[in-house]
Each structure stands twice: as structure tokens, then as C-alpha cells.
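One structure is given here, and the rest of the page talks about it.
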Amino acid sequence: MLELVRREYYEILKILKDKENGVQSSRLVEIVKSVSQSTAYRKIEELEEAGLIDSKWIFEDKRKKPRKYYIITPLGKSVLEKVEEIHRLLRKS
């Protein structure tokens, strides 16, 4: 089972929540600071397999290859809200 309280999962979900139109895959990996790029790609795949994020291909220019973007799913938003709630409760105690 996915360990959602782990920093790298939280960081990825938080980044995607703040970017409603999604984040290009290579840019997302650059933004994630808590792990190496290769680990970030694995964590992104795990979040996608769990249904917490989704990907879509976007053609920005017809002469170039499509780019893969990641977006947070409604389930991902719900899980992130619960994790943030747990973090708030832990800080209070």
C-alpha cells in the first residue's frame, strides 16, 4: 500500500494541487526537491497507479512531439486534504 505521509508523495500532490492545468512531467521532476529525478519518476508512477494523479498528452505545437502533463485527481485532492488535516492535528499536539 502507498505510504501517503511520505514527504515525496505529499510534495508531488501539493505541487499538482496548486497547478490546476497540470505540470509537464519533466518540469514536475525538476520541482520535486525531496528525492532524485529517477526516484521522483517512480513516485509519480506509483501515485498514478493508485489513482491519485492522472496524465494527459498535450500537443503544444503541431511540429513537435506531445508533452506529458500530470494533474491531480479528485481522489488525490481528497487524500491530500486528509494528510494536511493530520499534519495540522500533529502540530497542535
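Among 8, 20, 3, 48, which is modelled with pLDDT of 90 or more and of a type in the set (Asp, Glu)?
Residue meeting the stated conditions: 48.
Select from the stretch 1-53 the residues that are touching a residue at least 60 places away in the same chain (Cβ under 8 Å), of a type in the set (A, V, I, L, M, F, W, C) and closer than 12 Å to residue 83 by Cβ and list them in ascending order.
4, 5, 13
Before we move on, is residue 43 basic (Lys, Arg), open to solvent by 50 Å² or more (accessible area, probe 1.4 Å) and at pLDDT below 95?
Answer is no for this residue.
The values are calculated or read from the model by the stated rules, or taken from the named source; none is laboratory data. In this text the structure is predicted, and so the values were computed from the model without any measurement. Neighbour counts are summed over all protein chains in view; Cβ atoms, including those assigned to glycine, are modelled from backbone coordinates with ideal geometry. SASA here: full protein model, heavy atoms, side chains in, ligands and nucleic acids out. Shrake-Rupley method; radii C 1.70, N 1.55, O 1.52, S 1.80 Å.
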